[in-house]
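Each value in this text was obtained by applying a stated rule to the coordinates, not by laboratory testing. Please read all numbers here as calculations on a predicted model, not as lab measurements. Quick reminder, even Gly has a Cβ in these numbers, built from the backbone with ideal geometry, and neighbours come from all protein chains shown.
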């Protein structure tokens, strides 16, 4: 008898896991509360940064390099534009460069292409940026952005073509954390729960203690009239930890994406996905400091996203301690999307008992890491 699987949650983690299960010959159903690609999902802003920069963490560095190749393969297979290789610039704040220093050592050891620029070199090479306050910058040329919403839709489409079934339904848990659909127990040989930020409320005993859900306000600023300087052909993505910010250049007419990461509370089921007015001034102040060429340009779009943070910013891929056919997969910590194709393949293998999970992905033993230790730099 062939294995039958259900994947709950059709974001990037769930859709990629379902795709890999289907391609392994497993009869798979993918269930979500809303249409895949819906605006409540963490996965579905326009774009996401893909970069191998993970400090001293060789595991994620290797995964990101492999994921880049797999995104290119999926792009070729689907005919959809899923990846723009515009590079990534990491601005190392003077006096607080532990993560960037460690990244340079890891890249050198693993042979990942990168350049190290002085502030003056940044101003010449990337004149969009004002490098005031940085000690140096790392530039990763084989990095860029994924088209996030399109990537989820494409994964679901490929899953359907592989024989998978997509269903609409609200999966909940009872007091014993058993999965229920329409008041009846959800049953299959394997059930993968990849419900992103909702996983904490679904599993109040097992997951909520190690998963903090925060909202992030994102603004898109218009590029200047007649200028291509801030388009992805001429400007990289960036991470600016000293300012608590990250962003991406304009792509497909989106405008320049910038987020000042000041964690915000969110009620997943009831809050409207609207940015907070006070964040407009914070983000504009950052733009004035770092991107003088964007001063005075209007905001043309905004997104209110959520991130599910684990204490160590490692993902979750582990079996439920009581329900032995239930595999919990997620804990994005703000850096899962880019790993999507590799993450889904790995989860499928764990689910089919081809191998065990990694220690870092287990539910037990989580602890807060210092910025120097953290793969995400947080």
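From most to least packed by mean Cβ count within 10 Å, the peptides 266-272, 191-197 give 191-197, 266-272.
Extents of segment 146-266, largest first, come to 58, 38, 19 Å (Cα atoms, principal axes, whole angstrom). Between 0 and 90 degrees, the angle of helix 340-351 with respect to the longest Cα principal axis of the chain falls at about 30 degrees. Got a sec? How would 160, 51 order by Cβ neighbour count within 10 Å, fewest to most? Ranked by crowding around the Cβ, least crowded first: 160, 51. Among DSSP bridges having both ends in segment 1-143, what percentage is antiparallel? Round to the nearest 5. The antiparallel fraction comes to roughly 65 percent. Which entry is the computed Kirkwood radius over Cα pairs in Å for this structure: [x] 21.1; [y] 25.8; [z] 23.0? Checking each listed value against the structure points to [x].
Seen against the Cα atoms of the chain and their longest principal axis, helix 58-78 is set at about 80 degrees.
With respect to the chain, whose longest principal axis is taken over its alpha-carbon atoms, helix 148-161 is tilted by about 30°.
If both residues of a DSSP beta bridge must be in the chain, then about 70% of such bridges are antiparallel.
Length gained on full extension, residue 212 to residue 233: 4.0 nm, using 0.36 nm per residue less the C-alpha separation. The label-point distance for residue 109 and residue 252, in a model that sets each label 7 Å from Cα toward Cβ, rounds to 3.7 nm. Put the Cα centre of segment 302-322 next to the Cα centre of segment 34-104 and the gap is 17 Å. Here segment 211-284 and segment 128-161 have alpha carbon centers that stand 13 Å from each other.
Across segment 15-129, C-alpha contacts under 8 Å between residues 6 or more apart give a mean separation that, scaled by the residue count, equals a relative contact order of 19 percent. Taken over segment 193-351, the percentage of Cα pairs per 5 Å bin, counting from 0 up to the bin with the maximum distance, is 2, 8, 16, 17, 16, 14, 11, 8, 5, 2, 1, 0, 0. Ranking of 170, 54 by neighbouring Cβ atoms within 10 Å, starting from the fewest: 170, 54.
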